[in-house]
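To keep things clear, I will list the structure first and then write my remarks on it.
The values are calculated or read from the model by the stated rules, or taken from the named source; none is laboratory data. This is a predicted model, so every value here is computed, not measured. Quick reminder, even Gly has a Cβ in these numbers, built from the backbone with ideal geometry, and neighbours come from all protein chains shown. To get the accessible areas, we keep the full protein, side chains included, count just its heavy atoms, and leave off ligands, DNA and RNA. Shrake-Rupley method; radii C 1.70, N 1.55, O 1.52, S 1.80 Å.
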Amino acid sequence: MAERDAELFADLPAVREIIGRAGTTVLDVRSEAEFVGERFWPSGGMQPGGRAGHIPTAVHRPFGQLYDARGAFLPVEELLKAMPVPELEEEDELITYCTVGGRAATAWYVLTEILGHKQVRVYDGSWAEWGLSADAPVETGKVPASA
């Protein structure tokens, strides 16, 4: 089995370690209902033993705003508006997450390959892992107005 690339992927201990650290942003690309804790899964369901909400200090940027009506990525100018990351300076790190890693990987692609950001990683365990980890901190509540 190949070793995980720590420059591309973040695991639960790595995400826990960077919560609130200056120069690092955790980016939640799930729906608002998932972010605020109304649901665990995108379908609306809850998970037995799971907690709904978001990783503390996470910034919310919904994934669905990246596409046009045909399902293609928006033009670069519109992607910059749909997924603004003023928190991400050139030397800063950003970690994306969603529920199982798929939306987070797509956000990674947009941020790195289309928008040219560096030091972006994917927390591929995402909410399916975090929300089921009894000792992982969880926040709930409204999306901040700046999002």
Residue-averaged 222 nm ellipticity for the chain, from DSSP H runs of 4+ at -39500 (n - 2.57), nearest 500: -5000 deg cm²/dmol
Accessible area, probe 1.4 Å, largest first, for residues 3, 93, 113: 3, 113, 93
Accessible area (Å², 1.4 Å probe, nearest 10) - residue 46: 110
Region 1-43 shape via C-alpha gyration tensor axes, a/c threshold 1.5: oblate
Heavy atoms of residue 109 accessible to a 1.4 Å probe, total area in Å² rounded to 10: 100
Kirkwood-type radius of the chain, with distances r between different C-alpha atoms, in Å: 15.4
Fully extended contour minus Cα-Cα distance, from residue 118 to residue 138, at 0.36 nm per residue: 4.5 nm
Low-density loop positions, trypsin sites (Lys or Arg not before Pro), region 47-147 - DSSP coil, at most 14 other Cβ in 10 Å: 70, 118, 142
Probe 1.4 Å - accessible area at residue 17, Å² to nearest ten: 130
Relative contact order, percent, region 37-147 [alpha-carbon distance under 8 Å, six or more residues apart]: 32
